[in-house]
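No value in this document is a laboratory result; all are computed from the given coordinates. Here the structure is a predicted model, which means the values were calculated and not measured. Glycine gets a Cβ as well: all are built from the backbone with ideal geometry, and neighbour counts include every protein chain shown.
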Amino acid sequence: MAAKTLCIELGDRLIKVCERSSAKTHVSKCFSFPTPDGLVQDGQVSDPAALGAALKNALSANGLGLRKSAVFVLQSGKVAAREVKLPPVRDNRIKAMVESNAAEYFPVDMSKYHISYTVLERREKGDDPFVRLQVLAVPMALLEGFFQVAEAAGLRVENIENAGTCRYNVLRAFHSEGVTMYIDVGCTTSDVIIMQDGLLMLQRSFPVGGDELIYAQLGADGKTDKDYADVMAQLCEGKTTLPDEAVVDSLNRLTGNIVRIADYFNSNNWETPVEKLVLLGDCAALAGFRSHVEESVTYPVEMMAELPGYSLSAGAHSTPLRSGYLACVGCPLERGLFLPENMGKQKKAATKHQSESLTLGIIVCAGCFVIGAALAASSFFGYRSALSDKRAAEREIASLEPARTTYNTYVDYKAAADGFQTVYADAQKPNAQLSDFIAELEKKMPSQISVLSAVCTNESVSMNVMVDSKDAAAAVIVQLRSFESLSDVAVGAISETEDENGIVQVNFAVTCSYPAPAADETAAAATTATEPAAAPKN
C-alpha cells in the first residue's frame, strides 16, 4: 500500500478527490471539479477514456499527478441492498452463507453481479442471538468501468467501495446518542442514514438532490452548465435572486422524500422515533433548505457543514474538512469484500512483467525457444492422442442425450407444481377486512378527499391523502377513527401548500390497522394454509 492514496468519488455532477494516508482522520489535500457532460449517469461510465483523461488533467493541475494508488467510491442506484439476519456463526463462515443464499436475496442473474456484505450488529447472548448484515449486489459492469477509468488516468485500483458503506464507516464513529437521522444531500441523489446509539437502523437513497434549485437559479441568471459549480456555491452561501415561492417549489420534492422516509421509520419504530435530523453534504446549505425542512418536521434540525474530528492540512496549518467529502474519507484504503478477488489481478501481473529487465527477457526467450523445439518434436503424437480423446468424449455426450431430455422435463414439471402451490397459498389469504374497510371508506368519506397512493397488507392499509383544507383533513381523520373495520389510525406529518392560483392542498400520510382476527378464525386460516396441495396428475 502506498504511503498516500487518492480517494475518488465519481458523481453525476461533481468528481471529488481526497489525498489520504494511513491516518484515518487526516486529509492532506482535497478538491472537486465538474463531471464532463454525460460521462457519468447513476454510477455508469459511458466513456472511460474521456473521463480518465479529464481526471488525469485535474490531478496534474492540483499537484497530484504523480500519485498512482487510488480507491474509488461507487454511488449508484443500481447497487441493490438488503438487510438480513443469520444465526450467530463465526466470521469466517458468513461469506459462504451469504453467497449460498444470494439468489434468494436478489432475484436476478447472479453471474452478472458481485455479492458483498457489512456486519451491522452481532448479538451472542439472549433469547434471540443473531448476526445482522447489510448484503449488497453490485453489477460487474459498473466495477469494470471504474477499472477502465483508472487505466486511462494512469492509476492503480486498490479498492472500490459502496458510497453508503463509506458513509456508515464515518458516522458510526460519532457515537451520537438516541435516534439520529443523517441526510447527505448531493446534487442528483440524497442518502438517508438513521442510526441509534451507533447502530444502523435504516439506510435509503433517493434520486433527488439540489439539482432542481440549482438549475432554477441557472435559468434565472441566464447561465449554462459550465457555471453549475459557481451557482451551487452561491446558493450554499444563502444568496439567491429567486422569489421565495420558486425556492420552495424547487425544494418540495427533496423535503417531501425526507419527511416520507422519517414517517415510514417512525410508523415502524414508534417506541424509538427519530429524535433529531442532521443535514450534511454538498447541497445541505442551499438557500432556504434548512428552514423548509424545519417547517416540515417536529424535531430539531441541525447542520453539519464540517466533519467532526477530521482535518485538512495545508502546510503547517490545519482546517476542518467539509462534510461533502464524507464518502471519500470513509472508503477503506485496503481491498475489501465489495471488490471481487480476481478483478484487476491480470492488469497488475502485466505491469509487473513489463518492468523486468532486458537481460531477464532474453534469458526467458532463449529458454522458451529450447522448450518449444523439444515440444515440437512430440507435438504430432500429442495431437493424435487429443483427437482420440475428443472423439471418445463426443460419443459419450451422444449416449447421455436422453438423460438431458428427461432432466429438462422434470425441471418444467417442478416449476409448474411450484406455481400451483404459490397460487393455492395466495388464495388462502383473507381479504374480508380490506373489503369492509373499502365499503366504509366509500360510505363515510367526503367527496373532496383524494387518495394519492395506498399500500395494503393483511394487517393494515397505508395511504397518502390530499384534501383542500386542514378542516377537511381533521374531518377525514375523525371519520377514519370511527370506522368499525379499523382498530387503530396513525397519522403522519400534515403539510399544507398553496400554488400560484391560490389553490390550497393539504397532504398527510395515515396508517389504518385492522382489528386482530378472532382466535378461532386465525386457527382455521392457519389450518387451511398448511393443508398440502394435491399432486398434479400426469
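Computed over neighbours whose Cβ is under 13 Å from that of Leu277, the net charge equals -4, Lys and Arg +1, Asp and Glu -1.
Peptides 56-64, 373-381, 148-156, 415-423 ordered by packing proxy, namely the average of other Cβ atoms within 10 Å per residue, highest first: 148-156, 56-64, 415-423, 373-381. Counting Lys +1, Arg +1, Asp -1, Glu -1, what net charge surrounds Ile261 among other residues with beta carbon under 11 Å of its beta carbon? Charge balance in the 11 Å sphere: 0. Using R0 = 45 Å, the C-beta based FRET efficiency linking Glu334 and Val108 works out to 0.95. Return the subset of Lys68/Lys95; Lys16/Lys112; Lys444/Lys470; Lys29/Lys56; Lys125/Lys276; Lys16/Lys95 for which the Cα-Cα distance in this structure is over 21 Å, preserving the input order. With Cα atoms farther than 21 Å apart: Lys68/Lys95; Lys16/Lys112; Lys125/Lys276; Lys16/Lys95. Ranking Ile15, Ser46, Ile115 by Cα position along the charge dipole of region 1-142, where only Lys, Arg, Asp and Glu carry charges on their C-beta atoms, puts Ile15 farthest toward the positive end. Rounded to the nearest whole Hz, the Karplus-based 3J(HN,Hα) values (6.51 cos²θ - 1.76 cosθ + 1.60, θ = phi - 60°) of region 371-379 follow the sequence 5, x, 5, 5, 5, 5, 5, 9, 5, with x at glycine and proline. Once Cα Rg over 2.2 N^0.38 Å is calculated for the structure shown, the corresponding label among (i) 1.34; (ii) 1.24; (iii) 1.17 turns out to be (ii). With unit charges on the beta carbons (Lys and Arg positive, Asp and Glu negative) and the dipole taken about the Cα centre of region 30-188, which residue among Asn92, Phe33, Val149 sits farthest to the positive side? Comparing the listed Cα positions along the dipole, Asn92 ranks first.
Any idea which of Phe106, Trp270, Phe420 is furthest toward the positive side of the dipole for the chain, if Lys and Arg beta-carbons carry +1 and Asp and Glu beta-carbons -1? The residue sitting most towards the positive pole is Phe106.
Applying 1/(1 + (r/R0)^6) with R0 = 56 Å to the Cβ-Cβ distance of Lys125 and Thr319 gives a FRET efficiency near 0.80. Assuming charge only on the beta carbon of Lys and Arg (+1) and of Asp and Glu (-1), the dipole of the chain about its Cα centre is about 3060 debye to the nearest 20. In the chain, what percentage of the DSSP-assigned beta bridges are antiparallel, given to the nearest 5? The antiparallel fraction comes to roughly 80 percent.
Computed 3J(HN,Hα) for region 41-46, one whole-Hz value per residue from the Karplus formula 6.51 cos²θ - 1.76 cosθ + 1.60 where θ = phi - 60°, is 10, 6, x, 8, 8, 7, glycine and proline marked x. With Cα atoms defining each centre, region 455-484 and region 150-198 are spaced 37 Å apart in the structure.
With K and R counted +1 and D and E -1, the other residues having a Cβ less than 13 Å from that of Val98 yield a net charge of +1.
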